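The values are calculated or read from the model by the stated rules, or taken from the named source; none is laboratory data. None of the values given here were measured: they were computed from a predicted structure. Virtual Cβ from ideal backbone geometry, glycine too; neighbours counted across all protein chains shown.
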Amino acid sequence: MALIQLESVTKAFFADRACTQAVIALDRVDLTVEEGEFVSLLGPSGCGKTVTLGLIAGFERPTEGSVLFRGRPVEGPGPERGVVFQEYSLFPWLTVRGNIAYALRGRGLSRAARLAAADDALARVGMAEFADRRPNLLSGGMKQRVAIARLLAMDSAVMLMDEPFSALDEQTRARLDDSLRQLWRREGKTVVFVTHSIAEAIAVSSRIVLFSGSPGRVAGQWRLPDDMPRDLDAPEARALRDEIRSRLEVPDL
């Protein structure tokens with residue numbers, strides 16, 4: 001059984017109270033994610049990538065079809081499906097350690113146990129030395145590392161990531177893409193990652209799912225061998241980029 005299943009999922013948003021004027025965001029999407037995969041949802045703006053992530057997270061419900069997690073319908077958000085947004089969502093009045101410990105409240109852990117879990121998670125993302133800083137003293141890339149550490153501390157089975165590095169400069173983004181891939185391989189987590197960048201999808205993924213333009217449909221999928229070079233200067237990566245571009249002719253990808 002797949003960890004995540006979308007079965008003939010359609011998602012409509014209605015523009016009027018009578019629900020007579022609908023905008024179809026997703027149209028009969030079938031998608032599975034196996035445990036331990038790093039799946040990138042790739043496509044142009046407005047193709048339904050973020051909507052798909054929201055359905056998996058439980059923020060939205062499908063208009064038609066089913067979204068399943070471990071064979072059970074997704075009926076709302078849950079800690080087993082943690083989300084990292086483009087915005088950092090850190091409390092400015094708490095330290096880095098405090099932000100992570102706060103997310104563990106309600107789990108029956110003592111304060112000492114929460115702080116220890118926070119320190120462990122920060123060490124796993126290379127941020128241990130910044131535990132006592134407040135978010136306003138961190139760079140954008142460091143804030144996203146804290147957000148990822150928060151999911152690790154929560155021990156979420158799935159990390160849902162909505163263009164987490166898109167607001168960062170190109171060099172920082174490339175470094176974090178590489179760090180995230182290394183973290184995924186080390187931790188064995190399942191990652192579903194939204195991006196509109198072919199280069200980024202190639203850099204991080206074990207599988208790429210390409211969405212067509214609105215309404216969103218699955219237009220293609222590619223499995224990337226673990227030993228495949230991820231630098232676009234490599235012939236294999238360049239050929240894959242060109243194949244994806246030819247499948248969906250959108251110049252800003």
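So here's what we get for this one:
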item: Those residues of region 170-185 which are surrounded by 20 or more Cβ atoms within 10 Å (Cβ to Cβ) and in contact (Cβ under 8 Å) with a residue 60 or more places away in the chain, in sequence order; result: Trp184
item: Residue match in region 172-186 (condition: at pLDDT 95 or above and in the same structural domain as Val51 (by TED's automatic domain parsing)); result: no
item: Single match in Ala128, Ala57, Ala121 (criterion: buried (at least 18 other Cβ atoms within 10 Å of the Cβ) and touching a helix residue (DSSP H, G or I) at 6+ places or on another chain (Cβ under 7 Å)); result: Ala121
item: Selection within region 81-112 - exposed (fewer than 15 other Cβ atoms within 10 Å of the Cβ) and over 19 Å from Ala131 (Cα atoms); result: Glu87, Gly106, Arg107, Gly108, Leu109
item: Residue within region 188-207 that is closer than 29 Å to Ala123 by Cα and surrounded by fewer than 14 Cβ atoms within 10 Å (Cβ to Cβ) present; result: yes
item: Residue under evaluation Ala219, criteria (1) outside any loop (DSSP other than H, G, I, E, B); (2) free of Cβ contacts under 8 Å to residues at least 40 places away in the same chain; (3) within 28 Å of Phe69 (Cβ to Cβ); (4) over 17 Å from the mean Cα position of the chain (by Cα), criterion not met; result: (2)
item: Residue match in region 195-209 (condition: under 29 Å from Ile24 (Cβ atoms), in a loop (DSSP other than H, G, I, E, B) and small (Gly, Ala, Ser)); result: yes
item: In region 66-77, residue nearest to Glu129 (Cα to Cα) [restricted to those that are in a strand (DSSP E or B) and in contact with an Asp or Glu (Cβ under 9 Å, 6 or more places away or on another chain)]; result: Phe69
item: So Arg133, is it within 30 Å of Ala22 (Cα to Cα), more than 17 Å from the chain's Cα centre (by Cα) and not polar (S, T, N, Q); result: no
item: Residue check, Leu68 surrounded by 17 or more Cβ atoms within 10 Å (Cβ to Cβ) and closer than 19 Å to His196 by Cα; result: no
item: Residue in region 13-25 that is among the basic types (Lys, Arg), assigned by TED's automatic domain parsing to the domain that holds Arg245, outside any loop (DSSP other than H, G, I, E, B) and at pLDDT below 95 present; result: no
